[in-house]
Structure formats: C-alpha cells, structure tokens
Ligand SMILES: [Mg+2]
C-alpha cells in the first residue's frame with residue numbers, strides 16, 4: 001500500500017502510534033495545532049533544525065527507511081551537543097512522495113522514535129505534506145542548557161588548543177564505498193548510514209566548562225576548524241600527523257591511491273565534536289573524556305593570533321584545505 005492509497009489522516013495516525021509517549025515537559029503534544037512546552041527553570045532554550053533530502057543527503061538505494069529517520073534526528077542532536085545542550089523535544093516535518101510505501105513511513109518513524117527514546121527526546125508535533133519529488137525529512141530539535149554555559153563557535157582565544165573527539169573520515173569513506181558498490185568496510189558504511197551524535201560529551205564538556213568553543217563536524221574537520229577559527233577571530237595551525245584518521249578509511253584511500261589526509265579532513269558527516277580549550281583546562285577535558293567513556297579525544301592543533309589557516313605536514317606548512325560546501329557542484 002502506498003501513501004496515496006492510505007491518505008493523510010490514516011498515515012498521521014500510524015505515525016503518532018509509533019512515537020514515544022511525550023515527557024512531562026510537553027504540556028500539549030502531537031495532535032493539536034501547536035505544542036505547548038514547559039521550559040526548565042534557570043535554563044535557556046537551544047533550538048536547531050536540519051533537513052535530510054533524498055538524493056542530496058541520502059539515497060533510498062542504500063539507506064533503509066529506519067536509518068533515514070534515525071539520521072534525521074541524529075544530525076540535529078549533534079548540533080545541540082556542539083552547543084552543550086541537553087536535547088528535550090523534536091518536531092518532525094515530512095514531505096512524502098505519494099508512491100512511497102506506507103511501511104517505509106512507519107519504519108522511518110520507528111527509527112527516529114528509537115533514537116528519541118535513547119536520549120529522552122519527546123516528539124512534540126510535526127506535519128506531513130505530499131512531495132512532488134523525493135522524500136524530505138525535516139527535524140527541529142529543542143534542548144536546554146544552564147544559563148551562560150552554552151558553547152559557541154566564537155568563544156576561542158589565540159593559544160587555545162584544538163581537540164577533536166573520535167576519528168575522522170569514516171563516513172566519507174563509507175559513502176564512497178556505497179557509491180562504488182564495494183562494501184570494503186562495514187564500520188565506515190555504518191558511520192555514514194547510522195551516525196552517532198556525541199550527545200553526552202557535548203553536555204558534560206559544557207557543564208564542566210572544559211572548552212571555550214565547540215562545533216560539530218557535520219561538514220567535516222576542514223570546515224569546522226575554519227569556522228571556529230574565523231568566528232573566534234583567530235587563525236589555526238593543525239598538525240596533519242595528529243589528525244585521528246579512521247584506520248579503515250585510511251586503508252580504503254591508500255588502496256585507491258588518493259591522499260588520505262586531504263580526504264579525511266574534507267570529508268563530512270563525521271558528527272564528532274571540535275573543541276577549543278585553553279592549555280590549562282586540558283585536565284578538565286581528560287576528566288570529561290573518562291566520565292563519558294569517549295574512546296578518543298585528540299589534540300590536533302592550536303588557535304593562533306594571526307589570521308592564517310595552516311596544515312602542517314612533512315615539515316611544511318600548507319594552506320588549510322577548503323571544506324565541503326553544499327552549493328558547489
Ligand atoms: Mg553543525
């Protein structure tokens with residue numbers, strides 16, 4: 001049965017049946033004209049939105065509907081993590097082609113709902129509309145952070161060290177494997193299809209005041225370093241040898257004879273976090289890492305007083321690579 005066969009009202013009922021029961025903060029939840037949400041006392045509201053568009057962000061050829069729904073929420077959770085905010089609620093807006101099987105919408109909802117449950121996120125409302133083209137999954141997420149404890153891109157100072165969580169490059173390598181039809185490494189493919197946002201790491205870093213600036217790596221390390229440096233009014237010097245390239249991604253690029261470091265820093269969708277940390281706060285960051293059991297947080301470079309952006313490799317300084325840009329062909 002397709003979405004057109006079933007019709008909007010019955011489809012909505014099937015979606016609502018699959019959402020987690022809203023938390024106590026949701027005074028009026030899905031089914032009314034708008035949601036009513038009780039904000040936490042002494043906290044500030046942090047809101048973000050991001051859409052996944054078929055054939056721009058995902059292909060239904062290799063993303064299961066449940067993974068599409070899950071990822072649509074995960075990318076937003078990553079943005080809240082970068083601000084140090086605890087996610088609380090989400091709004092889900094779907095533009096659905098009429099020919100899409102109803103089962104796909106059900107599974108998409110279940111994928112999103114499962115991740116929402118893990119992080120205690122209530123789906124407070126949403127909207128469905130018919131799409132004349134591909135599937136669009138648009139998610140807005142709201143969270144909260146204690147007054148003045150939020151992290152921004154612009155908080156860095158010259159001399160702050162740049163630290164990155166986890167490894168970089170795996171999601172891009174995974175996407176390249178899917179496009180090439182060569183499932184060389186399941187972990188890389190999983191990083192593209194089922195990304196994990198560093199929700200707890202971002203929250204604890206902000207609470208512990210263990211970083212002065214932060215950003216998530218949704219568009220890659222090259223993009224994040226540039227944006228944090230520019231927003232902070234600094235330059236940056238990054239050591240290529242220090243960049244924690246995912247080992248399986250490294251093998252993939254070595255086999256194909258392409259530059260490993262260039263591919264890893266330009267590649268998007270890692271959903272790791274980049275932090276700017278004054279040298280004397282390094283101990284706080286290591287404590288946080290132990291508390292949240294993040295496998296890896298690596299110091300990769302430093303913010304500098306001059307405005308230059310540099311990548312140091314093989315004893316030479318190279319200009320910092322351009323990152324991924326959505327409107328470039
Ligand atoms: Mg982001």
I'd like the full set of residues that are surrounded by 11 or more Cβ atoms within 10 Å (Cβ to Cβ) and under 28 Å from the mean Cα position of the chain (by Cα), limited to segment 1-20.
12, 14, 15, 16, 18, 19, 20
Residue that is nearest to the chain's Cα centre (by Cα) [pool: residues in segment 206-230 that are assigned to a helix (DSSP H, G or I), away from the ligand (no atom under 12 Å from the Cβ) and more than 13 Å from residue 321 (Cα to Cα)]
206
Residue within segment 180-195 that is in contact (Cβ under 8 Å) with a residue 12 or more places away in the chain, surrounded by fewer than 21 Cβ atoms within 10 Å (Cβ to Cβ), within 15 Å of the ligand (Cβ to nearest atom) and under 20 Å from the mean Cα position of the chain (by Cα) present:
no
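Could you tell me which of the residues 134, 169 is away from the ligand (no atom under 16 Å from the Cβ) and either under 17 Å from the mean Cα position of the chain (by Cα) or without any contact (Cβ under 8 Å) to a residue 40 or more places away in the chain (or both)?
On the way: 134 fails: either under 17 Å from the mean Cα position of the chain (by Cα) or without any contact (Cβ under 8 Å) to a residue 40 or more places away in the chain (or both).
Of 134, 169, the one residue that is away from the ligand (no atom under 16 Å from the Cβ) and either under 17 Å from the mean Cα position of the chain (by Cα) or without any contact (Cβ under 8 Å) to a residue 40 or more places away in the chain (or both) is 169.
Yes or no, residue by residue, for (1) at pLDDT 95 or above; (2) surrounded by 19 or more Cβ atoms within 10 Å (Cβ to Cβ); (3) within 13 Å of the ligand (Cβ to nearest atom):
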{"residue": "35", "(1), (2), (3)": "yes, yes, no"}
{"residue": "48", "(1), (2), (3)": "yes, yes, yes"}
{"residue": "64", "(1), (2), (3)": "yes, no, no"}
{"residue": "67", "(1), (2), (3)": "yes, yes, no"}
{"residue": "70", "(1), (2), (3)": "yes, yes, no"}
{"residue": "78", "(1), (2), (3)": "yes, yes, yes"}
Those residues of segment 21-33 that are in contact with a helix residue (DSSP H, G or I) (Cβ under 8 Å, 6 or more places away or on another chain) and surrounded by fewer than 16 Cβ atoms within 10 Å (Cβ to Cβ) come to a total of 1
Check segment 81-102 and report whether any residue there is away from the ligand (no atom under 16 Å from the Cβ), modelled with pLDDT of 95 or more and assigned to a helix (DSSP H, G or I).
yes
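The values are calculated or read from the model by the stated rules, or taken from the named source; none is laboratory data. In this text the structure is predicted, and so the values were computed from the model without any measurement. Note that each Cβ is placed from the backbone with ideal geometry, even for glycine, and that neighbours are counted across all protein chains shown.
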